[in-house]
Each structure stands twice: as structure tokens, then as C-alpha cells.
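Okay, structure first, notes after.
The values are calculated or read from the model by the stated rules, or taken from the named source; none is laboratory data. Just so we're clear, the structure is a prediction, and the values are computed from it rather than from any experiment. For neighbour counting, all protein chains shown are included, and Cβ atoms are generated from backbone atoms with ideal geometry for every residue, glycine included.
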Amino acid sequence: MSRMTLATTTRIGHLIGCVILIVAAWLASASAVSAQDQPAEPLSATPSVNFADFSGRGTWYTDASDQGRAQRYRDLRSGGTLDLFRFTNSNDTRGINFQADHLGFRDQRFSAAANRYGRFKVSFEYNQIPLYFSQETQTLYTTPESNPFALRLSDAVQTSVQNAANKTAALTVASTAAQPFDLRLRRSIADFKTTLSANRYLDVDVSVRSTAKTGEQPWAGTFGFSDAVELSAPVQTRTTDVGLGVEWANQRGSARLGYDGSFFRNDVQTIVWDNPQRITDSPTAGPLQGRMTLWPNSDLNAASATGLLNLPARSRATAYVSIGNWSQNTPLIPFTVNSALPVIALDRTTSDAKARVTSMNYSFTSRPVDTVMLMLRYRSYDFDNRTPVFHVISTVAYDTTVSPFVEGGTSPYSVDRKTFDAELSYTPTRYTALRAGYTREAIDQTFRFFDTTRENTVRFSADATGVSWLMLRAVYEHGARAGSGFDEQALDDIGEQVSLRQFDISDRNANRVSVLAQVTPVSAFSLNGSVSAGNEDRPGAVFGLRSNDNRSYSVGVDYVPRESVSMGAQYTWEKYKTLQASRQANPGPQFADPTRDWTTDGDDRAHTFTASMDLLKLARNADVRLAYDFSHAESLYVYGLPPNTTLAPPVQLPAVVNELQRATAEIRYRFNRRFGAGVIYWYDKYTVNDFASGLQTLTGISQPSLLTIGYLTRPYTANTLSGRVTYFW
């Protein structure tokens with residue numbers, strides 16, 4: 001999407017907001033009804049008022065704080081705005097609603113809805129969601145005006161590094177000229193929906209949703225393990241979703257015919273970047289630049305039919321069938337951009353990719369007697385890939401090496417998944433409810449190492465009900481998945497160990513049990529807790545993920561002595577352990593040498609604590625809210641070797657530690673029925689120790705064999721103070 005289009009979209013968003021405010025002001029003299037509940041609305045606002053909340057705020061950070069990570073999906077810049085606007089007007093025949101949040105900021109939102117009861121309803125929302133990666137990023141690359149999708153280095157940098165005896169040292173010197181920039185991405189969503197009621201039995205609905213992404217994001221390019229670069233790739237995409245449906249319904253049931261279309265467009269389908277270590281193309285040392293395709297344009301068109309039928313014995317049957325066609329036909333780029341390598345002819349000039357997607361969902365529920373309920377469900381998803389095979393004799397690795405392509409062509413992956421669910425619920429007394437369930441999932445697929453997988457899962461649960469002071473539930477689940485048609489030769493052909501198993505289709509036995517309880521000795525006080533444990537074992541996996549285990553428990557308390565006072569706290573502990581195995585081996589004698597095996601034990605633990613307190617009318621017309629969130633997580637990877645190993649002892653890595661604290665203090669005061677004011681303070685502190693992407697490892701953008709953009713994992717401490725004036729009517 002061009003810059004002109006971006007500017008136009010932004011102006012449209014602001015124009016919509018102005019129209020909303022003008023119309024709302026015109027309607028303000030009408031009778032008001034309740035405003036929708038929003039977490040950030042004034043605590044003292046009653047359900048019978050509309051309001052506008054004007055805010056001025058300031059945000060400051062401690063030294064060396066990662067402001068991009070602190071804001072991430074929000075905009076905490078200092079300044080003033082109409083922070084919240086809510087207006088609702090309705091009577092017996094129609095309803096109108098307007099809302100606006102954070103006007104003028106990067107996370108602004110507008111919405112409007114109207115409902116003529118029994119005739120039509122229409123709604124529109126425009127929502128901006130920022131993604132702030134970092135304010136500390138920097139790069140040697142520039143983008144020429146003649147080609148905005150190319151990332152260029154100066155000839156002097158490429159020449160000096162290519163001719164240097166020590167390329168790492170030369171690139172380090174050159175990196176001192178890198179220019180800083182903010183790395184940002186923004187998603188803008190415009191969503192329109194309307195339903196027209198032709199009569200009491202027939203409705204027609206139309207929906208259009210447009211999602212645009214603009215900005216840049218981290219990307220990676222490589223010319224081999226000794227020459228990799230990190231880039232800021234341009235993003236200019238738009239997805240347009242269209243829906244149309246006609247629905248007929250009465251007391252016996254309903255039927256619906258629908259059309260859904262989804263159309264993805266990318267204005268940047270190819271990027272080209274300079275090689276920091278080369279100024280000329282070479283058939284052995286590498287190219288002067290790299291080239292890569294991004295996401296291609298694609299279309300999806302689908303028709304669907306839905307039916308619901310109410311049956312005797314308190315039974316209901318539903319059916320849904322959808323048939324769609326997916327396609328994309330993007331022009332293909334050559335195998336290499338390196339002019340020193342021979343040209344490899346393409347089998348065809350465009351991708352010519354297409355698939356038929358068929359989905360079905362059938363269900364039956366029945367409650368023939370008060371104590372028994374039955375649910376049956378069948379789902380089917382068939383992705384039939386009809387893309388012709390793209391024949392490949394030779395390929396190019398890292399724009400440097402031409403080699404034969406063993407597989408001989410592409411593998412059009414297809415999958416057919418069928419799932420059957422059955423569940424029986426029995427309530428013998430008002431104090432007990434028992435439930436049993438069974439699920440069978442069957443997957444047939446092409447070009448995977450297992451042609452088929454079958455998984456059977458059984459579930460049992462028991463509930464203690466009917467006791468006012470106790471709620472208790474226990475659940476047990478067991479699943480077993482097995483594959484067939486395993487092709488060891490396919491693994492051997494691509495140079496993999498034949499005992500490697502892919503985690504999503506490997507044989508697996510899984511068990512999980514959980515218990516939840518809530519005790520309420522008096523109406524104002526309650527305790528809750530939960531315990532869960534699960535494990536997975538993959539008996540056929542010698543290499544890959546072998547097993548994982550997880551444990552968690554939580555305990556919480558809530559106290560509400562009266563309507564104006566409430567407080568609560570919750571603590572949760574979680575643990576997740578995995579075992580993975582591999583072999584460090586090159587082709588030849590090493591490949592079958594078990595003394596070169598090694599394992600990784602993963603141990604992830606997390607502690608989470610939350611607490612909140614609401615004190616309404618603490619003083620006359622004053623409301624106070626306090627909240628605190630704390631989370632601490634550690635991930636440790638321990639490498640192991642067999643007793644007869646021939647490998648050198650591994651260097652054990654330190655634990656990855658993440659800790660986040662967030663506190664909120666808010667006070668609101670209602671001067672009279674028209675005016676109120678408030679102060680809100682937010683405190684956020686994030687600390688991190690990450691050996692892979694921390695400052696202790698990546699001390700500069702130039703590393704041996706790697707040129708980065710400086711997108712690291714950094715800590716931050718942010719303080720935000722906001723003053724608000726609210727007008728009610």
C-alpha cells in the first residue's frame with residue numbers, strides 16, 4: 001500500500017471519529033440508557049449515563065529502558081486526548097451506540113452501531129493496533145527512492161569487507177556508521193456488518209472486513225552459516241474478507257446459505273538486499289546480493305450451507321457444509337540472483353497453486369430425560385492440493401552452490417482430517433454430575449513420513465453440585481495416537497536419521513488429570529484452587545521430542561463484604577519439562593555412531609501472582625481501585641551426553657529469566673451529576689536475562705558471521721501518570 005493510501009486511510013479514520021462525535025452531540029438531548037461496560041471507564045459512572053473522558057498523561061522511563069517493548073501493542077506517548085467517549089440512545093423501536101478510544105494516538109479505535117429492532121442492524125468499527133518492536137534498532141542498509149523494496153549498502157563497505165583479511169573486524173569498523181531507526185508495524189482494521197430482516201422469518205447479512213498491515217518487521221537473510229544478515233523488511237499487505245448470507249428460521253429450525261471470500265494482497269512480494277561481504281558475484285565465494293520472495297497474493301472463495309432442526313425428546317440436529325477454492329498464481333523468481341552461476345530453467349513461470357477445501361460439521365444433542373444428556377459430533381476437513389508438481393533437477397543453496405535436487409520436484413501436501421466426538425452426561429442426584437466422552441481423530445495425508453495417524457481419546461469427569469458452599473470438579477483424559485505407512489526411505493533420501501519423528505504426527509500416549517474446587521463458607525468470602533498434571537510419551541521417537549511433562553496448581557481468595565468493596569488475590573505455579581534427543585554427525589561413519597548422541601532437558605517454570613481491590617464510595621463520591629500483577633518465569637536447558645560419548649563436554653547455558661511487575665492505582669471523584677475527575681498511575685517493570693538475544697551476548701550489530709539490526713531483549717521500567725476530566729450527560 002502506498003504512502004498516499006496510508007495517509008488517506010488515517011484521514012478516513014479521523015473523519016469517522018469526527019462524524020461520530022458530531023452525531024452524538026446532536027443526539028445528546030435525547031434520553032440516555034446504559035453505557036457499555038469497559039475496563040477503563042470511570043468507576044463512578046452509573047449504568048444510566050453517557051460520558052466523554054478527556055485525558056492528559058505523561059510517561060517517563062528509567063535509563064536504558066526498552067521503550068518499544070514497554071509499549072509493544074499500545075501507545076503510551078505523553079499528551080492529551082479524548083481518551084474515552086461513550087454514547088447510547090435507545091427506545092422501544094431503535095438503539096444507537098457510539099464509542100471512541102484514544103483519539104489521535106496509534107492505538108485509537110472508533111465504532112458506531114444502529115439497530116432498528118426487527119428491521120435492520122448495522123455496525124462499523126475502525127481499530128488501529130500498533131506493534132512497536134524497538135527504538136534501539138540501527139542499520140547500515142538504505143532504501144533507494146528508485147526501488148523502495150531493495151536494501152542497499154554503500155560500495156565502500158562491501159569493497160572493504162570483501163578485500164579484508166579479517167572480514168569480521170572490517171565489518172565491525174563499518175558498523176559504526178549504522179543509522180538508528182524505530183522499528184514499527186501497524187495493523188488497521190475496518191469492519192462493517194449489517195443484517196436486513198425482510199420479514200419475521202428471513203434475514204440477509206453482509207459483512208466486509210479489511211485488515212491492512214504497514215511498516216517494517218525483523219527479517220533474516222543468509223548466504224551460508226558464515227555470512228548471515230538481519231534486515232528490516234517492508235510490510236505492506238491487505239486482507240479483505242467478504243461475507244454474504246441468507247437465513248430463514250422459525251420455531252422448527254433454520255437454514256442458511258452463505259458465501260465467504262478472503263483476498264490477500266501484498267505490495268512487497270520480493271526484497272533484494274546487499275551482501276555485506278561481497279561487492280562482486282562469485283561462483284564459490286558468494287553473490288553481491290540476495291533475493292527472497294515474501295507472501296504471495298492469494299484468493300479464497302467458499303460457499304456454505306447450514307441447517308438446524310429441532311426434534312422431539314428435547315433433541316436438536318445441526319449440519320454445516322462448506323466448499324471452497326484457494327488459489328495463488330504469483331510469478332516465480334529465478335533460482336538465484338548470482339550472475340556467476342548458470343541459469344536453471346524454471347518448470348513454469350508462475351506458481352499455479354490451487355486447492356479445494358471441503359469442511360463439514362454435523363452434531364446431534366438430546367436430553368430425553370432430565371438426568372441424561374447425549375452429544376454426538378462429526379467434523380471433516382479435506383484440503384485437496386491440486387497444484388501441479390513443479391519439476392526441479394538442480395537447485396541453488398545460499399546463492400552459491402548448484403546441486404542436484406534429490407526429490408526431483410515439489411510435494412503438493414494434502415490432508416484429510418475426520419473427527420468424531422461422543423459425550424454422555426448423567427446426573428443421578430442434584431449433588432452429582434458424571435460425564436464420559438470419546439474422541440477419534442483420523443488424519444490421512446500426503447508427503448509426510450506417516451501417511452495416516454489415528455488418535456483415540458477418552459475423558460471422564462465428576463462434578464459435585466447442588467451444595468451452595470462447594471463446587472468440585474475432577475477430570476481425567478487419556479489419548480493414544482499411532483501412525484502407519486511410515487516411510488524410512490523418505491527420511492534417508494533427505495539425509496535425516498530414520499529414527500527421527502516429527503512431534504505433530506509421531507506416535508504419542510498422553511494422560512492428564514485436573515481437579516478444581518471452590519469453597520464459599522459465607523456469601524462474602526470464597527476460596528478456590530486447582531491442581532493439574534499431564535504427561536506425554538513418544539515411544540517411537542529416538543530423535544526429536546521424546547517426552548514432556550507438565551504440572552500446575554493455583555490458589556485464590558475473594559472477599560466482597562458489601563457491594564462497594566471487593567478484593568481478591570490469585571497465585572499460580574506452572575512447570576513444563578521436555579526431553580529431546582539428537583546426533584551430531586556428518587554424512588559418513590559419524591552418521592550411524594551412537595557415541596555422538598546428545599540430549600536436551602528443558603525445564604520451564606512460572607510463578608504468577610495477581611491482586612486487586614475496589615473501594616467504591618471510599619469517601620463521599622470517591623472511588624479507588626488498586627491492582628498488582630507479578631510473573632516470574634525461568635527456562636533452563638541442560639545438555640546431556642551418553643557415558644561412552646566421543647563428543648566434547650558441552651558448555652551449559654544459564655537460565656533464561658523473565659520477570660514482569662505491573663501496578664495500577666486509580667482514584668475517581670464525582671463532583672456532581674455532570675462532572676468528575678480522576679488520576680491514574682501505571683507502573684511497569686520488566687527484567688530479563690536471555691543469553692541468546694541479550695546485551696551480554698550481542699554487544700554490537702556486527703558479530704562473527706552475522707550483521708544484525710540490534711533488535712535485542714532489553715529490560716524496561718515505565719511510569720505513566722494520567723489526569724482525567726469526565727463530562728456526563
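Numbers at a glance
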{"item": "Subset of the stretch 326-337 (residues that are assigned to a strand (DSSP E or B) and either touching a Leu at 6+ places or on another chain (Cβ under 7 Å) or closer than 20 Å to T395 by Cα (or both))", "result": "W326, P331"}
{"item": "Any hit, the stretch 123-132, residues being more than 24 Å from the chain's Cα centre (by Cα) and surrounded by fewer than 17 Cβ atoms within 10 Å (Cβ to Cβ)", "result": "yes"}
{"item": "Residue that is surrounded by the most Cβ atoms within 10 Å (Cβ to Cβ), among those in the stretch 209-227 that are among the hydrophobic types (A, V, I, L, M, F, W, C) and under 27 Å from the mean Cα position of the chain (by Cα)", "result": "A212"}
{"item": "Number of the condition not met by G286 [criteria: (1) under 27 Å from the mean Cα position of the chain (by Cα); (2) buried (at least 17 other Cβ atoms within 10 Å of the Cβ)]", "result": "(1)"}
{"item": "Only listed residue being surrounded by 15 or more Cβ atoms within 10 Å (Cβ to Cβ), in contact (Cβ under 8 Å) with a residue 40 or more places away in the chain and either touching an Asp or Glu at 6+ places or on another chain (Cβ under 7 Å) or under 30 Å from R265 (Cβ atoms) (or both), chosen from F383, F364, F335", "result": "F335"}
{"item": "Index of the failed condition, E136 passing every other in (1) in contact with a helix residue (DSSP H, G or I) (Cβ under 9 Å, 6 or more places away or on another chain); (2) part of a strand (DSSP E or B)", "result": "(2)"}
{"item": "Filtered residues of the stretch 251-283 (kept if surrounded by fewer than 19 Cβ atoms within 10 Å (Cβ to Cβ) and among the polar types (S, T, N, Q))", "result": "Q251, S254, S262, Q269, T270, T280, S282"}
{"item": "Single residue of T599, T664, T608 found to be β-branched (V, I, T), surrounded by fewer than 16 Cβ atoms within 10 Å (Cβ to Cβ) and either within 32 Å of the chain's Cα centre (by Cα) or within 30 Å of S547 (Cα to Cα) (or both)", "result": "T599"}
{"item": "Among residues of the stretch 386-416, those that are within 30 Å of I323 (Cα to Cα) and crowded, with 16+ Cβ neighbours inside 10 Å, counted", "result": "6"}
{"item": "Filtered residue count, the stretch 467-492, keeping only those that are among the acidic types (D, E) and touching a Leu at 6+ places or on another chain (Cβ under 7 Å)", "result": "0"}
{"item": "Single match in T194, T139, T168 (criterion: under 26 Å from G694 (Cβ atoms) and within 28 Å of the chain's Cα centre (by Cα))", "result": "T139"}
{"item": "Given (1) exposed (fewer than 15 other Cβ atoms within 10 Å of the Cβ); (2) touching a residue at least 12 places away in the same chain (Cβ under 8 Å); (3) assigned to a loop (DSSP other than H, G, I, E, B); (4) more than 34 Å from the chain's Cα centre (by Cα), index of the condition A340 fails", "result": "(1)"}
{"item": "Yes/no for A345 being small (G, A, S) and part of a strand (DSSP E or B)", "result": "no"}
{"item": "Residues of the stretch 654-682 that turn out to be outside any loop (DSSP other than H, G, I, E, B) and without any contact (Cβ under 8 Å) to a residue 40 or more places away in the chain, as a count", "result": "9"}
{"item": "Some residue of the stretch 50-67 being of a type in the set (A, V, I, L, M), under 28 Å from the mean Cα position of the chain (by Cα) and either surrounded by 19 or more Cβ atoms within 10 Å (Cβ to Cβ) or modelled with pLDDT of 95 or more (or both)", "result": "no"}
{"item": "Of the criteria (1) within 25 Å of A541 (Cα to Cα); (2) touching a Ser or Thr at 6+ places or on another chain (Cβ under 7 Å); (3) modelled with pLDDT of 95 or more, which one R435 fails", "result": "(1)"}
{"item": "So A100, is it crowded, with 19+ Cβ neighbours inside 10 Å, farther than 30 Å from Y711 by Cβ and either at pLDDT 95 or above or not aliphatic (A, V, I, L, M) (or both)", "result": "yes"}
{"item": "Residue that is in a strand (DSSP E or B), loosely packed, with under 15 Cβ neighbours inside 10 Å, out of contact with any Leu (no Cβ under 7 Å at 6 or more places or on another chain) and of a type outside the set (D, E, K, R), where the choices are V638, V651", "result": "V638"}
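One line per residue, one yes/no per condition, for (1) among the basic types (K, R); (2) at pLDDT 95 or above; (3) under 30 Å from R316 (Cβ atoms); (4) outside any loop (DSSP other than H, G, I, E, B):
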| site | (1), (2), (3), (4) |
| --- | --- |
| E247 | no, yes, yes, yes |
| A255 | no, yes, yes, yes |
| G258 | no, yes, yes, yes |
| F264 | no, yes, no, yes |
| W273 | no, yes, no, yes |
| T280 | no, yes, no, no |
| T284 | no, no, no, no |
